[in-house]
Amino acid sequence: MARVVAILCLAEVLTMTGFSTFAALLPVLRGEWGTSNTVAGVVSGAFFGGYMIAVPALVSLTDRLPARRVYLAGCVALTAGSLAFAAAAGPLTAIVAHALLGAGLAGTYMPGLKELSDRTAGHSRQARGIAFYTSTFGIGSSLSLWAAGAIQRHAGWRTAFTVSSVGPIGAAILIAMALPPAPPAAHPALRRNLFRLVLRDRRIAGYIIGYAAHCWELFAVRSWIVAFLAFATPGARIPATTVAAIVNLLGPPASISGNELAAGRRVRIVRVMMTAAAVLACATSVAAGWPVTVVIVTISLYVLAIMADSAALTAGLIEVSPPEARGTAMAAYSFFGFAGALAGPIVFGALLDAGGGAAVRRGWMLAFLGLAAVSVAGVVALTTRAAQPSDPLAPPAAPAGSTPAAPPSSIRTARW
């Protein structure tokens, strides 16, 4: 198991070399192209639009084909997207290129997680492997953020995108050479209407809505953190891109620790984490103008709170999803999650403009208060749908004198 997890985590980092490039270069490109914050948010959100269009087909395909094949195709799209962005002439061509990058990630991130779940057994071992894999997302995004800023300062933004195209090529070589093909396990599932049946499961739906709120908040912050730090910490000795990369590196340990803490009481702990994120969003909303150290500490704590529920949510979704439809459940989970990721940066930018723009403290206050409201919505969804009175994997107790109920996954398997 450890070898598989290590290979997939390393490949994930390589596939993400272009993930945060636009976020790191947003202030530069916004100035060069003369765009508003709303248009910049649309370019950022195009990544998630491309992801949403591609993910239902690509991830659900892993219920029928080896996820490895989908993964390799995703690497090709990622390389093409970075090269297309390097040649972008303005916001319109950048939107197309960023959407292609998003489609490429749809072919690597969740298919990689599906490959990991198919190759591991046991809930605790599987959950731990998932925690490491999902946490690696933060490492990849941080390295992408740092590299883009460093390359841009020395060679320009087009070179930064060109260099980022190399990572997915390395990931494809690694997966092709180090991860032997393994066909998906045979399941007697009916291959029709799986999306509808997955969404009718209240626990799966609860995790999906919770993940949508998580992604809305997380990717709004990742898309705008460099611009926020540039406004809130003027004259800081360390570049905003470097600070943002360091802050994002706090995510992986937070995600792994959150998953371990949530074992056996997953929904309750996730709700606490989301509530803490809402409080810290409010604190961040008024942090601009504070001492530089206080601003950095506040945004760091906020990122920690956001990331603390990441692996716990994903592991919970996989726990309550039957193996024969796990790819479809993950496709729905990822689709709606990245719908939140698409809306987050756009709404954040719109609220920023509505509050007076990126040069006004009121604009940042309004944008971060919007994120606090999203966290609260996630808490409500988990409370009303995903929460269970006992272990979600345990069968419900049968009334006296009746036939004992089958385990939830068995009920779904028989129906599907």
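I'm told V279 meets every condition in (1) at pLDDT 85 or above; (2) open to solvent by less than 40 Å² (accessible area, probe 1.4 Å) except one. Can you identify the failing condition by its number?
(2)
Out of (1) touching a helix residue (DSSP H, G or I) at 6+ places or on another chain (Cβ under 7 Å); (2) in a helix (DSSP H, G or I), what's the single condition that is false for R69?
Condition not satisfied by R69: (1).
Residues of the stretch 163-189 being farther than 14 Å from T15 by Cα, modelled with pLDDT of 85 or more and not aliphatic (A, V, I, L, M), which ones?
Once the filter is applied, which keeps residues that are farther than 14 Å from T15 by Cα, modelled with pLDDT of 85 or more and not aliphatic (A, V, I, L, M), the stretch 163-189 yields nothing.
Among residues belonging to the stretch 239-270 that are surrounded by 21 or more Cβ atoms within 10 Å (Cβ to Cβ) and not aliphatic (A, V, I, L, M), point out the one that is farthest from F19 (Cα to Cα).
Once the filter is applied, the top-ranked residue is R266.
Which residues, counting only those in the stretch 85-95, are in a helix (DSSP H, G or I) and surrounded by fewer than 17 Cβ atoms within 10 Å (Cβ to Cβ)?
Within the stretch 85-95, L92, T93 qualify.
So which pairs qualify, if the first residue must be in the stretch 225-250 and under 15 Å from R153 (Cα atoms) and part of a helix (DSSP H, G or I), the second must be of a type in the set (G, A, S) and open to solvent by 40 Å² or more (accessible area, probe 1.4 Å), the Cβ gap must be under 6 Å, and the two must be at least 6 apart or on different chains?
A240/A230
Name the residues in the stretch 157-173 that are closer than 21 Å to S223 by Cβ and surrounded by fewer than 24 Cβ atoms within 10 Å (Cβ to Cβ), would you?
Result: W157, R158, V163, S165.
Among the residues of the stretch 338-386, which ones are among the polar types (S, T, N, Q) and modelled with pLDDT under 90?
Answer for the stretch 338-386, where residues must be among the polar types (S, T, N, Q) and modelled with pLDDT under 90: T383, T384.
Would you call S285 closer than 26 Å to A24 by Cβ, among the hydroxyl-bearing types (S, T, Y) and surrounded by fewer than 24 Cβ atoms within 10 Å (Cβ to Cβ)?
yes
Within 21 Å of S255 (Cα to Cα) and open to solvent by 10 Å² or more (accessible area, probe 1.4 Å): is that true of L351 in this structure?
Criteria not met by L351.
For V55, indicate whether it is surrounded by fewer than 20 Cβ atoms within 10 Å (Cβ to Cβ), assigned to a helix (DSSP H, G or I) and of a type in the set (A, V, I, L, M).
The answer is no for V55.
Please state which one of F48, F19 is among the aromatic types (F, W, Y) and at pLDDT below 90.
It is F48.
Filter the stretch 288-309 down to the residues that are among the small types (G, A, S) and open to solvent by 10 Å² or more (accessible area, probe 1.4 Å), then identify the one that is farthest from I225 (Cα to Cα).
Checked the stretch 288-309; the qualifying residue farthest from I225 (Cα to Cα) is A308.
Among (1) open to solvent by 10 Å² or more (accessible area, probe 1.4 Å); (2) more than 25 Å from A127 (Cβ to Cβ); (3) of a type in the set (G, A, S), which single condition is G363 missing?
Failed condition: (1).
Is it fair to say G316 is touching a residue at least 12 places away in the same chain (Cβ under 8 Å) and either crowded, with 22+ Cβ neighbours inside 10 Å or on the phi < 0 side of the Ramachandran plot (or both)?
yes
For A6, which of the numbered conditions (1) touching a residue at least 40 places away in the same chain (Cβ under 8 Å); (2) open to solvent by 20 Å² or more (accessible area, probe 1.4 Å); (3) under 27 Å from A127 (Cβ atoms); (4) not charged (D, E, K, R) fails to hold?
Result: A6 passes all but (1).
Test A57 against the stated conditions and say whether it is within 17 Å of the chain's Cα centre (by Cα), at pLDDT below 90 and among the aliphatic types (A, V, I, L, M).
Taking the combined requirement at face value, the residue does not satisfy it.
Can you report the number of residues in the stretch 310-331 which are closer than 22 Å to G138 by Cα and among the small types (G, A, S)?
6
Within the stretch 74-84, can you find the residues that are open to solvent by 10 Å² or more (accessible area, probe 1.4 Å), under 20 Å from the mean Cα position of the chain (by Cα) and of a type in the set (A, V, I, L, M, F, W, C)?
Scanning the stretch 74-84 gives a single hit, A77.
The values are calculated or read from the model by the stated rules, or taken from the named source; none is laboratory data. If you're wondering where the values come from, they're calculated on a predicted model, not measured in any experiment. Using ideal geometry, Cβ is built from the backbone for each residue, glycine included, and neighbour counts are taken over all protein chains shown. Remember, those area values only see protein heavy atoms, side chains included, never the ligands or the DNA or RNA. Shrake-Rupley method; radii C 1.70, N 1.55, O 1.52, S 1.80 Å.
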